[in-house]
1. Taking H as built 1.01 Å from N, whose amide H comes closer than 5 Å to the amide H of residue 273, not counting residues under 5 places away?
2. If packing is taken as the average number of other Cβ atoms within 10 Å across a peptide's residues, how do 246-257, 197-208 rank, most packed first?
3. Measure off 7 Å from each Cα along the Cα-to-Cβ vector at residue 649 and residue 751, then give the distance between these two points in nanometres to one decimal.
4. Quantify, in whole percent, the carbon and sulfur part of the accessible surface of the chain (1.4 Å probe; protein heavy atoms only).
5. What fraction of the DSSP beta bridges in the chain is antiparallel, stated in percent and rounded to the nearest 5?
6. Just report the Cα centroid separation between segment 64-92 and segment 227-245, whole Å.
7. Given the rule -39500 (n - 2.57) for each run of at least 4 DSSP H residues, summed and divided by the residues of the chain, what is its mean residue ellipticity at 222 nm, to the nearest 500 deg cm²/dmol?
8. Would you be so kind as to identify all helices of the chain, as entire DSSP H runs, whose Cα atoms reach 18 Å or more along the helix's own axis and whose mean Kyte-Doolittle hydropathy is at least -0.5?
Amino acid sequence: MNILSNFWSDLRYSARTLRKNPGFTAVAVLAMSLGIGVNTGIFTVLNGAAFRPLPVPGSTDIVSVYQDIRGLKSRNVHGEASFFSWPEYKSYRDDNRVLSGLAAYSPFLSVTLGGGQPQQLFGQLTSCNYFDVLNERPVLGRAFSASDCAVARQGAVAVLSDNLWRTTFAGDPAIVGRNIVLNRQPFTVIGVAPAGFQGTEPIASAFWTPVTMQFMLERDNDWFEKPNISWLVLLGRTKPGVSRAQVRADMAVIAGRIDQLTPGRKTTLQIETGTFLSTPEARKIATGVGLVLLAGVGMVLLIACANVANLLLARAAGRQKEIAIRLSVGASRGRLIRQLLTESMLIAVLGGALGSLIAVWSFEAIVGFVFSHLPRGAPPIVVGVGPDIRVLSYAVILTLVTGVVFGLVPALQASKPDVNTALKQSGIGGKSSDGFLRHALVGTQVAVSMVLLIAAGLLLRGLYQAQTIDPGFEMKNVATVSFDLRGQGYDDTRAGLFQQQAIDRLSSLPGVDAVAEAGTTPLSDSHRGTVFSVPPQPATYQVELNEVSPEFFSLLGVPIVRGRNFTGTEVRTGAAVTIVTESTARRFWPHQDPIGKVVRMDDKTALQVIGVVKDAQVSHLAKSGETYLYLPAGPKVQIRMQLLVHGASGFDSTAAGIRAAIHSLDPGLVVDVARLEDNLEVWRAPSRIVAILAGSLGALGMLLACIGVYGVVSYAVSRRVREIGIRMTLGADAREVKSLILRQAMRPVAIGALIGIAACAAVSQILSSMLFGLSSHDPVAFVAVPLVLLSVALAASYVPARRATKVDPMVALRYE
């Protein structure tokens, strides 16, 4: 009771003290709200992506199951290596004793919804207990039953998402029982999922269909009964009272039995709470990105803490007489520290509450804005960024820790004054240790701000580089044309015929002067690689490939600098020839003529080099020296070829003609027509988002640091009014006084700036992937940014320094 009474007394006293100093309170609370708010906001996004349980009933009972297999010579992977095969799934489903149900699904299934206006959809292939395990009941019709999954390639039924039902089918209440066409296969709609349920992956699902229909929707592969392929994600619901450890132990027994069937195989299972990013691979990426972001916003919080600590030191110096009186009448130092920490905690709680409210309110809108400005063609993303117990716990813990961090040192410093000296003073004195600590805090703020600002400067320079860089090939007036022939049931022969007809139709369009084929369009961030060797050497090397038609190079303006182009005959027959880039030729045949040389692919196919083309940034922006081979677009790859169309007329009219021409050949085909220049957004959009975030954090850090500089200089001036008066009485002019104050004020700023520059130079290499060829020690960023920060800090110091020179010496001499 005595502890509670003392705490309540300290809290009331702290509240009265802060109420009497509204200016100090407002600045301190605002600084803490900014620091805590941005940290809480970033954690809210990270939590929604990687840690929040799936938004389904009883979500805490849902577990994800992934595996790490060692000892296999080879295994096919469709998705991630941690996925399961159908036979493996059935073993875990039927033999476990800890789960009330175990479901399997294949994520990110892309299909064409047929009809008057075909459209591309993302959906999931699922086991027929999927909705039962998740406790999600359709609002119309029914979920899957066991009979829907009884026989492979039978049971062509589908459950639609609420969003697809309302948008494409206008919320038709009679949708159940109707047929829809997915990849030219008829499916009967048996249900509509509840509103808000969009699947169990970060990409929203528009439909669900039984896993037994895999081959009917993905004609090039049949994975259903194959035991050695990773393609299914497992989600289970634990029985009441069963712990994660029990699930792990029980499932490990089953894994051991599966391992015994393949000598040398060793499986380790990972059992975690089911989330949108529960795969080990995705969680690793999300956690890494999240830690980098939290480190950035943590720097802002550090600046805010240093700022408030400086304010508290200044207040404590003005309260030395009060503290000395309390010590002289019997108060213990511990009691004083507790009182001062209560003030700090109250500031932190007020700032944390305000910052968390702003973060929760604003970051949901910010995330929505970011998702709406993703590059063209990005799939719909589902991330819940609302508050939950994790976010609230994080905000509370961060607030309490922050209150102790910025309040403890000032409390310790203020609670050990020289009582006799303090009682004789009128509140204007101060200790040299106070001044050193205040300057150290200012230097810390400036150093951290410098790191943030230089990083932001580098990223902004990198973004400018991405906006202005010349990729080394022609992009203007070039349209990309893509379609999914494999998903629409085409075989190699039909695909080749269709591609030739499409090229003929497009070539005859008004304004079109060139059409070319490419397996991968330049800078689409889609890559096809393999390994090759250069006889007679046995060593193998990684190489990126692209199958193209002879028109590819002239359409993009990429010159063949040596040798020749592919011929029509070589393309029609898929001849074993290749064209290499200049960098590849220099790398493997230095000071030699590469024409006629041979490279051997991993499948032992020998390709003869017939030409060398100029380097261009076709694979990665700002990288043109990668090992790269062009192969002829032969008959075996026609099913996945895309088209490039160069038109002299405007894009809109050319695009309309392209769509009409393709639809005249196949009305059920979804055709995506885009500007080739849009591929640049694949690289610019992430850079833009990161640059804006870093710039915002840097600007916020600079603002807080400069407020700190201003506060320290103002306080120092207020404590030296008498000294300034004496100096001016003895003949010092205003310029000399101003110069003295500025030199002393800028000393910790300069030291902090140097430390910040050195720290950023040491770690700036981690930003290189966002700089697009710009040096991570770019002199413009490392010179311009420090000059800006030092100029702003100088301005913040100049205002109180100038005010000090306006003091009347006679008034200053009487100042106490």
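The values are calculated or read from the model by the stated rules, or taken from the named source; none is laboratory data. Only a predicted model underlies this, so the values are computations on that prediction, with no experimental measurement involved. Virtual Cβ from ideal backbone geometry, glycine too; neighbours counted across all protein chains shown. The area values use the complete protein model at the heavy-atom level, side chains included, leaving out ligands, DNA and RNA. Shrake-Rupley method; radii C 1.70, N 1.55, O 1.52, S 1.80 Å.
1. It is 64, by chain and number.
2. Numbers: 246-257: 16.1, 197-208: 22.8.
Ranking the peptides 246-257, 197-208 by packing returns 197-208, 246-257.
3. 7.2 nm
4. Ligands and nucleic acids excluded, carbon and sulfur give 60 percent.
5. 80 percent
6. The two parts, judged by their Cα centres, are 12 Å apart.
7. When only DSSP H runs of four or more count, the value is -16500 deg cm²/dmol.
8. 22-46, 244-260, 280-318, 333-372, 389-414, 432-468, 651-665, 680-719, 734-763, 779-804
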